[in-house]
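Step one of this worksheet: look at the structure below.
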Amino acid sequence: MEINGKPLIQWVYERASQAKRFERVIVATDDERIREAVKGFGGEAIMSPPSLPTGSDRVARVMQDMNLDHDVIMNLQGDEPLIDPTDLDRLVECFEDEPETQMASLMAPLENEEDILDENQVKCVVDRSHFALYFSRHAIPFWRGRKEAGWANCPARYWMHLGVYAFSRSTLAQYAGWPRSMLEQSESLEQLRALENGVRIKMITTPHPWPGVNTPDDVERVRKALKESMRKL
């Protein structure tokens, strides 16, 4: 898919390459067309088996096949062309500030009722220390008083999960060895496999959510957002 004259994967690759804490950016894919597109703009790509069920499994296979020894390995999904590189740096710094960190990800505040109810917008519930309690496509927490009081009076905050997962190397190796979990398959959310196996996921807050490309309707929204971001440069 092309957006504003570039393959979608190129936008994501270029954003990731702007992160100051990254040593290497690699595209892991099971699609030869994507590999050729990455080669075409001078990026690095590696093929992985189509049988792998999730992006994190694919990243783990690359880590194994290429014998990568980096302390932090990140899975950035290829449909996030507007991700902020500074947020990626903040995820890496999370492991440096707290060496016991197993996994980290990003969340942004959700304010709009339509987005809260949209199953394509993954919601996250966290504890007081901002460790994830659960992720769902459903509107969580459930607002029992919604009909009577309205969303504006909801006592809880809603958080949107953004499509990036940072792992310690050992946690990613463990993750790939676990079978797909019940909740993971039910919600079609790969991070739930980690939660079901006791991994603590640190959630970092960003005030700047970005639109990903999850549905055909997202394409035009992302196209406009990319044009706007280019004008600001």
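Derivation of every value follows stated rules applied to the coordinates shown; laboratory data play no part. Note that this is a predicted model, so its numbers are computed, not measured. We place every Cβ from the backbone using ideal geometry, glycine too, and count neighbours over all the protein chains shown.
Label reach from LEU117 (point 7 Å along Cα→C-beta): in segment 135-158, amide nitrogens under 17 Å belong to 137-154, 158. Relative to the compact-globule estimate of 2.2 N^0.38 Å, the Cα radius of gyration of segment 2-211 comes out at 1.04.
Cα centroid separation, segment 33-110 to segment 132-166: 26 Å.
Normalised by the number of residues in the chain, the average gap of Cα pairs under 8 Å and 6 or more apart makes the relative contact order 24 percent. For the residue pairs LYS6/LYS202; LYS6/LYS39; LYS6/LYS123, the alpha carbons lie more than 22 Å apart in LYS6/LYS202; LYS6/LYS123. Which residues in segment 115-147 have a backbone N closer than 16 Å to a point placed 7 Å from the Cα of LEU183 along the Cα-to-Cβ line? Residues 122-128, 130-142 qualify, since their backbone N sits under 16 Å from the label point. Sequentially through segment 86-101, phi angles give Karplus couplings (6.51, -1.76, 1.60; θ = phi - 60°) of 5, 5, 5, 4, 5, 5, 4, 5, 4, 6, 6, 6, 10, x, 7, 4 Hz, Gly and Pro residues having no value and appearing as x. Residues ASP87, ASP30, ranked from the fewest to the most other C-beta atoms within 10 Å, line up as ASP30, ASP87. Just in segment 102-153: which GluC sites (Glu not before Pro) are loop by DSSP and have at most 15 other Cβ atoms within 10 Å? Answer by residue number: GLU111, GLU119. Loop-located chymotrypsin sites (Phe, Trp or Tyr not before Pro) across segment 1-66 with a Cβ neighbour count of 16 or fewer within 10 Å are PHE41, with loop assigned by DSSP.
Summary: within the chain, the longest segment free of trypsin sites (Lys or Arg not before Pro) located in DSSP loops with at most 14 other C-beta atoms within 10 Å is 25-127. Extension gain for GLU32-HIS208 works out to 60.1 nm (0.36 nm per residue, less the C-alpha to C-alpha distance).
Karplus-derived 3J(HN,Hα) values for segment 58-65, using 6.51 cos²θ - 1.76 cosθ + 1.60 with θ = phi - 60°, are 5, 5, 4, 5, 4, 4, 5, 5 Hz; glycine and proline are entered as x. Remark: segment 29-45, residue by residue, has Karplus-estimated 3J(HN,Hα) of 8, 10, 10, 4, 5, 5, 4, 5, 5, 5, 4, x, 9, x, x, 9, 9 Hz, where x stands for each Gly or Pro and the curve is 6.51 cos²θ - 1.76 cosθ + 1.60 at θ = phi - 60°. Note on ALA156 and GLU100: the model spin-label points, each 7 Å out from Cα along the C-beta direction, lie 2.8 nm apart. Only helical runs count toward this figure. For the chain, summing -39,500 (n - 2.57) over DSSP H runs of n ≥ 4 and dividing by all residues gives -11000 deg cm²/dmol at 222 nm. Close amide-amide hydrogen proximity is noted between VAL164 and LEU106, each under 5 Å apart and 5 or more residues distant or on a separate chain (H modeled in the peptide plane; Pro and chain starts excluded).
The residues neighbouring GLU184, those whose beta-carbon lies less than 13 Å from its own, together hold a net charge of -1 under the Lys/Arg +1, Asp/Glu -1 convention.
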